[in-house]
1. Quick one: if you stick a label point 7 Å off each Cα along the C-beta vector at Asn35 and Asn169, how many nm between them?
2. From the phi angles alone, apply the Karplus equation (6.51, -1.76, 1.60; θ = phi - 60°) to the range 114-122 and give each ³J(HN,Hα) in whole Hz, x where the residue is Gly or Pro.
3. Can you give the extra length, in nm with one decimal, that the chain gains between Asp251 and Leu134 once fully stretched, where that is 0.36 nm per residue apart less the Cα-Cα distance?
4. When the Cα centres of the range 274-305 and the range 378-444 are compared, how far apart do they sit, in Å?
5. Check which residues have an amide H placed less than 5 Å from Asp381's amide H, if you skip close sequence neighbours.
6. Only bridges whose two residues both fall in the chain count here: according to DSSP, what percent of them are antiparallel, nearest 5?
7. Skip the ligands, DNA and RNA, and give the accessible area per residue of the chain with a 1.4 Å probe, whole Å².
8. When the C-alpha atoms of the range 238-297 are aligned to their principal axes, what extent does each axis show, in angstrom, from largest down?
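The values are calculated or read from the model by the stated rules, or taken from the named source; none is laboratory data. What you are looking at is a predicted structure, and each value in this text was computed from that prediction instead of being measured. Every residue, glycine as well, gets a Cβ built from its backbone with ideal geometry; the counts of neighbours run over all protein chains shown. Just the protein is used for accessible areas: all its heavy atoms, side chains included, with ligands, DNA and RNA removed. Shrake-Rupley method; radii C 1.70, N 1.55, O 1.52, S 1.80 Å.
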Amino acid sequence: MGWPDGPAVAHRYASGTLLAISAPVDALFTATEVNEWAWEQASGIFAPGVERITNPPFDQLHPLGSDFSLVVAAFAARAGVEKNPSLAALRDEARRRGIPVLADDSEVSLGAGAGSRTWPVLDLPNAGSVPWQLLHDVPTLIVTGSNGKTTTVRLLAALIQASDSRYRNRVGYSSTEGVMIGGQHAGEGDFSGPAGARLVLRDTRVAAAVLETARGGLLRRGLAVERADVAIVTNISADHFGEYGIDTLEDLAEVKLVVAHALGTSGTLVLNADDPLLLARAAGQVCKVALFAFDDAHPALVAHRNAGGSTCGLVDDQLWLTDIGVRTSLGDIRKMPLTLNGAAHFNVANIAAAALAASASGVTPAVIAAELQRFGGTRHDNPGRLDHWTLADTTVLIDYAHNPDGLAKLLVGGDTIRLQQISRTGIEGRVGLLLGQAGNRGNEAINKLAHTAATFQPDYVVIKEITSMLRGRKLGDVPALLRAGLLAAGFPTDNIHVEADEFDAARYLLRWAQPGDVLVLPIHQSAARLELSALLDEMENNHWQAGSPLP
């Protein structure tokens, strides 16, 4: 095809092989078809001497045969139709001027946020007619990791907005929960991939952008931006193994650290020093690195400070930020609403990461400290992430915990709250757990989630079906695997109940509750969360007590 810019790469992994090829920016559809044709050839469907499969278990996209010269001619013709010289010229000129470019199937934008302009991909201007003097970049921050991304994104957006009048109602962010521009919804659903980043960066109201960047988007579509000022990697934990060639924690760490490529030498990479995989990769970065940990006396933090680096960690219950040798207390974590009086240790890590990223973006310690005392004080700040209701002597927690590590941290927080309630009221409360998983996890991963739940010995478990996340499995498959996993871990049969609907499963646990109980409810469907939140608001307003009928 005569395509430059890199070789083809074949990567074998435990459950298959990945083929990656490089192609010109105006030949990506053709390149995708070339890749698909190569896959069909590799499968043996059209291989010489092999009888053609009459009913393959997939759509045959490229019945071009295996005559290489004919195939090359066919794809060259398709590439000629797709070719867009205006796009290549605009990209070259924008790069020469240091202006960011975002291109997708239908649109091309130059600049970012308030400094951007967007055109249809089939009606691009020539480089000479672009108003280059009006185009510019905006501060851009990226958040990735296995857990805590959405909370960190929301907190970081709030910190930047509070820092300067320039950003008042002009911070845009994308996350698993949608796109927000200046506090207003601009997109509903999971926008933690490139589509969410483009929505934010093409909105001319945006003066600063915070972008959640999930593993799936990175592996399917790459990193949306070529440049960023700050990137956070919250942690690395086992999840989604077997997808897109990722089989180990080391593989996953490499995927998450793709974000560092956008930082160049002037950006800052914020890493979790309590995560050995991330800490091991801190030294090899060309950008600046900032480290956070639960304990400010962590040896890596001490060494990093001594070398002039920025850190954030706890001394007793005080969170300390160190930036260019200047140490500042950001306050008592028990007075930060996100920590639930210090019970939610995992949110201390999210807070420390956001504080370092905000500091690297020029937010002052005083502003950071003040915002940490406020953010999370209402459920509107961080909906669906450690939402909590106190119903008389019963506490209800809603979170997105979706993998063993996230569930373990949530259960630790729930048990800490239970012990605090016992100390305060003398009532020996119990823990009830809602348990479910998306169907695209392997059997081993689903079993590990069940084993994690059993390890914490909740008093009762309601297993739910997540009907919108079957992802190739049949109804009942995942609940059956979770139930089998609980039983294999020694969890008593009588303390397990299965419900076919997420909202009904949560209602079942509410009916089971007694005074002093803590209900831990990982909710994964937005509709179910909104319905449940409305129910809990009504119960709170009506002073509902455990044992009473539900509304």
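1. 4.2
2. Calculated HN-Hα couplings, in order: 4, x, 10, 9, 10, 10, x, 5, 8 Hz.
3. 38.0 nm
4. Rounded to whole Å, the Cα centres lie 29 Å apart.
5. Gly376
6. Here the share of antiparallel DSSP bridges comes out near 45 percent.
7. Result: 44 Å² per residue.
8. Dimensions of the range 238-297 along the principal axes of its Cα atoms: 34, 29, 14 Å.
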